[in-house]
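The values are calculated or read from the model by the stated rules, or taken from the named source; none is laboratory data. Remember, predicted model here, so these are calculated numbers, not experimental data. In this analysis, Cβ positions are derived from the backbone assuming ideal geometry, glycine residues included, and neighbour counts consider all displayed protein chains.
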Amino acid sequence: MEFLLGKTIEELKQLVKDLGMPAFTAKQLADWLYKKKVSSIDEMTNISVLYRNKLKENYLLGRKEHIKKQESTDGTIKYLFPTLNQHSIESVYIPDKERATLCVSSQVGCKMNCLFCMTGKQGFSGQLTSGEILNQIISIPESDSLTNIVFMGMGEPLDNVNELFKALEILTADYGFAWSPKRITVSTIGVIPGLKRFLDESKVHLAVSLHSPYHTERLSLMPIEKAYPFIEVLNLIKQYDFSHQRRVSFEYISFGGLNDDLKHALALSKLLKDIPCRVNLIKYHSIPGIDLPASNPEAMIAFRDFLNDKGIICTVRSSRGEDILAACGMLSTNDK
């Protein structure tokens, strides 16, 4: 059976037409699914019992509760959700003063196999549907308090672009969650075909995983560099306007003695000088079997200050949830 959760308003219109239901039922369904966040079709009380039964004969709602929860000493919470293909995914809730961010997954595992990432070591087991993406958002206890959504969990969002776009439409459309695009960020390692579509069709923020200003070095960390070199990614980004409300940022994991010296900072500043952007420096979180050193805090601060002096906004991102394997690059369900 198909699921209702994750369907756009156009898909809901076609659905009710196919079932012989009044056209206005599509808007009612959207209200129940995305504004009232119901858990069952029977809760849709302004739809007749006859039509509710017809819906239940043909569709499941699509809500799934988390099957495991882990809480960090810093307040970060990691949730484990089941997927349609009998696997599981992780989502991370990050409270921080007036902000409450949910880091959502877009795939079961990941194809990209970045050297420093546990999700990549897991391999790829399937795409998430738009409903499975949205389920992470509406099925946590903190759902109504969320202020931001970041697509920085398991998987490469732009390798699942059709379902990503359905989820983004529902999140930002008036018939859906009606969120401002400024509250949503999609992270990518630079899958150019998906990135081009994203830049053309979306208004949400963009984060690009860079990690080195040198082709050969980045290739040693990220196999994607062979297919889509970062120079081509940057040239594409330069064609779009990020000087107003929409923001582009670059993620830079700092490895000790590898990419954290001022030579790298200078090269990075030259690469980004024509792009209104910010750089997020990220502590490397060690993963099993990978011999990469983490930068010391002093090196990261010097790197940050150098970029700021060059006119590029740079911050050191706070590491959250490391004790429950919820920090950047640590999500994996291999052992779940």
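Note on the range 35-97: enclosed strands (runs of 3 or more DSSP E) holding 1 or more residues that are assigned by TED's automatic domain parsing to the domain that holds P157, crowded, with 17+ Cβ neighbours inside 10 Å and in contact with a Leu (Cβ under 7 Å, 6 or more places away or on another chain) are 88-96.
For the range 316-333, the count of residues that are polar (S, T, N, Q) and at pLDDT 95 or above is zero.
Annotation note: Cβ proximity below 6 Å between a residue of the range 64-76 that is closer than 19 Å to P95 by Cβ and a residue that is in a loop (DSSP other than H, G, I, E, B) and of a type outside the set (K, R) (sequence gap 6+ or interchain) occurs for S72/G321; T76/G321; T76/A326. Of all residues in the range 310-333, none are over 29 Å from K68 (Cα atoms) and assigned to a helix (DSSP H, G or I).
Which is buried (at least 16 other Cβ atoms within 10 Å of the Cβ), of a type in the set (V, I, T), assigned to a loop (DSSP other than H, G, I, E, B) and on the phi < 0 side of the Ramachandran plot, of I282, I287? Just a single option satisfies the conditions, and that option is I287. When N113, N135 are checked against the criterion of being in the same structural domain as L221 (by TED's automatic domain parsing), buried (at least 21 other Cβ atoms within 10 Å of the Cβ) and not small (G, A, S), a single residue qualifies: N135. Considering the conditions (1) farther than 20 Å from V186 by Cβ; (2) surrounded by 14 or more Cβ atoms within 10 Å (Cβ to Cβ), S318 is excluded by exactly one of them, (2).
Condition test on I149, is it among the aliphatic types (A, V, I, L, M) and buried (at least 22 other Cβ atoms within 10 Å of the Cβ)?
Yes.
Based on this model, can you work out whether L115 counts as among the hydrophobic types (A, V, I, L, M, F, W, C) and over 23 Å from E225 (Cα atoms)? Spelling it out, it is not the case that L115 is among the hydrophobic types (A, V, I, L, M, F, W, C) and over 23 Å from E225 (Cα atoms). Looking only at the range 233-264, residues that are loosely packed, with under 14 Cβ neighbours inside 10 Å and either under 20 Å from the mean Cα position of the chain (by Cα) or among the acidic types (D, E) (or both) come to 2 in all.
Remark: T45 falls outside the filter, which requires a residue to be under 17 Å from the mean Cα position of the chain (by Cα) and among the hydroxyl-bearing types (S, T, Y).
Can you name every residue in the range 23-69 that is on the phi > 0 side of the Ramachandran plot and in contact with a Phe, Trp or Tyr (Cβ under 9 Å, 6 or more places away or on another chain)? Talk me through it step by step, then tell me what you get.
First, pick out the residues of the range 23-69 that are on the phi > 0 side of the Ramachandran plot: 37, 62.
Across the range 23-69, the qualifying residue is only G62.
Inside the range 26-60, can you point out the residues that are touching a residue at least 40 places away in the same chain (Cβ under 8 Å) and of a type in the set (K, R)? Once the filter is applied, which keeps residues that are touching a residue at least 40 places away in the same chain (Cβ under 8 Å) and of a type in the set (K, R), the range 26-60 yields K27, K35, K37.
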